[in-house]
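Worksheet: the structure to be examined is printed underneath.
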Amino acid sequence: MIESDRELSAMVQELWDNDVNRLKPGKDYRISLQGKAGDSMAMSDNNDGAGFPLFTFVDENIFKKETFLAFISLLDNYVSDTGEPEIVTPEEVAENHKFLDAIIQTSTMKIAHKYLVENKLSPKDDTQFKEQLYRIWFELYARRGSSRPDSSGFEHVFVGETRGGRTVIGFHNWIQLYLQEKLGHIDYKGYSVSANSPQPDENKHILALQFSWKDGIKPKGSIFIGVSPEFEFALYTLCFLTSPNERVKVQFNLYDVEIVCHHYNQKHIGTTYPVLLKYRKPTK
C-alpha cells in the first residue's frame, strides 16, 4: 500500500476499535443472504435471488441510543426524486444540528477530528468543525440534470434517491435499509458478487446487494451493516478531506476495503460507500 493509505488505514482501525455502538452480527442483528441477485436492471421476479427479507432480526434497543435516535429523525426529511427541489424547514435544520452535536461527542468522531486538525484539514474549534461538517453533508446542491438544489451528501448516501422514478441512486446505509424493509418499501433481491469480490458472509460487516425501493431498482449497492452512524460519518468525512483521489484503499480489522468518495465541486460529498476487496483470515 502507498504510505498515505497506510496512515489512513491506521486511523480507520482506530475508528473501528472505538466504535462502541457497533452491533454484533448473529447477536444484535441477523441477516439472511439467500441467493445471488440477477444481473439485469429488470424488476421482474425471475431476477429475484431472495424470497425473504434481508434482515431477520435487529435488536431495536440500539435505536434508543442518542446518535441512532438523532440519525433516524433525519431520514424522513427528504423528497427522494432528484429534480424535485428540497425545501428545508427550520425544524429539519435543528434536527441536522442535533445529529451533529450528538456525533461530535463520540470517541470515533473525536479521533477523526483530532487527526484532521493535526493535518490542518479542519478547524480545532468544535463549532467551526460542525460548520464544516454541515457544509460537506447537509448543504444542498443541484445533482446532474437539475437546475435547482435537490440533493445533499447526507440525502444521497444515507437516505437514498431515485432518478426518473426507475433507478435508485445512493442509499448506502443499513439502518435506512432495515427501516424501509420493515415498512415494506424494500424488496431485497439477493447479494451481488463479481469475479474479484469475496463471497459474502452473514457475520461480516460489509455487503454488496441488489434491491428495489419504491418503484426503482438499485442494481448493485454496497453498505456497511451493523456499524454506528458516527463510524460511517467519521470514516467518510476522513476520506473526503484527506484524499484527493476518489478511491482510497484501507485495511482494518479483517477487511481490505476500497472507499469510493466522489466530491461535488470539492465542497460537498457527491457519493461515498465501501467496496469489499478481500477478507483476511483471522490470526490465531
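Split the accessible area of the stretch 88-135 by element, probe 1.4 Å, and carbon with sulfur accounts for 53%. What the phi angles of the stretch 251-263 give under the Karplus curve with 6.51, -1.76 and 1.60, with θ = phi - 60°, is a coupling list of 10, 7, 6, 9, 10, 9, 10, 9, 9, 8, 9, 8, 8 Hz, glycine and proline written as x.
Checking every one of the trypsin sites (Lys or Arg not before Pro) in the stretch 55-161 against DSSP loop status and a limit of 14 other Cβ atoms within 10 Å picks out LYS120, LYS124, ARG144. Think of a 1.4 Å ball rolled over the protein heavy atoms: the stretch 206-284 then has 37 Å² of accessible area per residue.
Taking all protein chains as shown and a probe of 1.4 angstrom, HIS262 keeps an accessible surface of around 60 Å². Averaging the sequence gap over all C-alpha pairs within less than 8 Å and six or more residues apart, then dividing by the number of residues, gives the chain a relative contact order of 23 percent. Share of carbon and sulfur in the accessible area of the stretch 138-213 stands at 45%, probe radius 1.4 Å. Only DSSP H runs of four or more residues enter the estimate; each adds -39500 (n - 2.57), and after division by the residues of the chain the mean residue ellipticity at 222 nm equals -9000 deg cm²/dmol. Straightening the chain between GLN13 and ARG135 buys 41.3 nm, computed as 0.36 nm per residue apart minus the Cα-Cα spacing.
Contact order, relative form, for the stretch 36-192: 30 percent (alpha carbon pairs under 8 Å, 6 or more residues apart, mean separation divided by residue count).
The order of ILE62, ILE72 by accessible area, most exposed first and with a 1.4 Å probe, is ILE72, ILE62. Toward the positive end of the charge dipole of the stretch 133-187, with +1 on the Cβ of Lys and Arg and -1 on the Cβ of Asp and Glu, the farthest Cα among ALA142, HIS172, THR162 is that of ALA142.
In this view, the solvent-accessible surface of GLU95, computed with a 1.4 Å probe and all protein chains in place, comes to about 60 Å². Entry comment: accessible area of the stretch 132-179 is 30 Å² per residue, from protein heavy atoms only and a probe of 1.4 Å.
The values are calculated or read from the model by the stated rules, or taken from the named source; none is laboratory data. What you see is a predicted model; the values in this text were computed from it and never measured. No Cβ is skipped: glycine too gets one built from the backbone with ideal geometry, and neighbour counts run over all protein chains shown. We work out accessible area using only protein heavy atoms, side chains counted, and drop any ligands, DNA or RNA first. Shrake-Rupley method; radii C 1.70, N 1.55, O 1.52, S 1.80 Å.
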